[in-house]
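Everything on this sheet refers to the single structure shown next.
The values are calculated or read from the model by the stated rules, or taken from the named source; none is laboratory data. These numbers come from a predicted model, not from an experiment. Neighbour counts run over all protein chains shown; Cβ positions are idealised from the backbone, glycine included.
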Amino acid sequence: MQKTLKNTSRKPSSGEIMIPDKLYFRIGEVSRLCGLPSYVLRFWETEFPQLKPSKSSTGQRMYRRLDVENVLRIKKLLYEEGFTIAGARQVLRAETKKKQAPLPFTAPETNVVHLKQVRQGLKEILGLLSAKR
């Protein structure tokens, strides 16, 4: 019988990466996690407004989990899906707009009717309270 060896030199895709449960990651950690050089991460910070790592008192970039997830999303868009930087920026902007859907408020006309009803109810309660004195 012949044994077949799996190709273990393959880098995991962005969907397979396990992000440790930490509050902050230094740029070197993000670089290793995502398989990208640090200079690429610094460049992407200038190109993608979604990447805004804070800086420690010593000037170290401190990435949050959301930043790491954004790096992985950008990497997938650029390297796997073939987008240009401008195209990836547009995709991310559109995804952000989808997440920020308008709140499910009722139409302004119906709000006015409800406010008048609430006001009338409050006036009735006030009348009842002032009559008991």
Among what's in the range 90-124 and is within 30 Å of Asn70 (Cβ to Cβ) and polar (S, T, N, Q), pick the residue that is modelled with the highest pLDDT. Gln90
Enumerate the pairs (first residue in the range 36-48 and assigned by TED's automatic domain parsing to the domain that holds Arg89; second residue anywhere and among the hydroxyl-bearing types (Ser, Thr, Tyr)) with beta-carbon separation below 9 Å, excluding pairs fewer than 6 apart on the same chain, so at least 6 apart or on different chains. Pro37/Ser31; Ser38/Ser31; Val40/Ser31; Leu41/Ser31; Leu41/Tyr63
Specify the residue that is farthest from Gly87 (Cα to Cα); the eligible residues are those in the range 21-73 that are out of contact with any strand residue (DSSP E or B) (no Cβ under 9 Å at 6 or more places or on another chain) and among the acidic types (Asp, Glu). Asp21
When the range 1-48 is examined, which residues are found to be surrounded by fewer than 10 Cβ atoms within 10 Å (Cβ to Cβ), modelled with pLDDT under 80 and not in a helix (DSSP H, G or I)? Met1, Gln2, Lys3, Thr4, Leu5, Lys6, Asn7, Thr8, Ser9, Arg10, Lys11, Pro12
On the phi < 0 side of the Ramachandran plot, assigned to a loop (DSSP other than H, G, I, E, B) and at pLDDT below 90: is that true of Ser57 in this structure? no
Subset of the range 63-79 (residues that are exposed (fewer than 15 other Cβ atoms within 10 Å of the Cβ) and at pLDDT 95 or above): Tyr79
Just to be sure, is Gly127 small (Gly, Ala, Ser), in a loop (DSSP other than H, G, I, E, B) and at pLDDT 75 or above? no
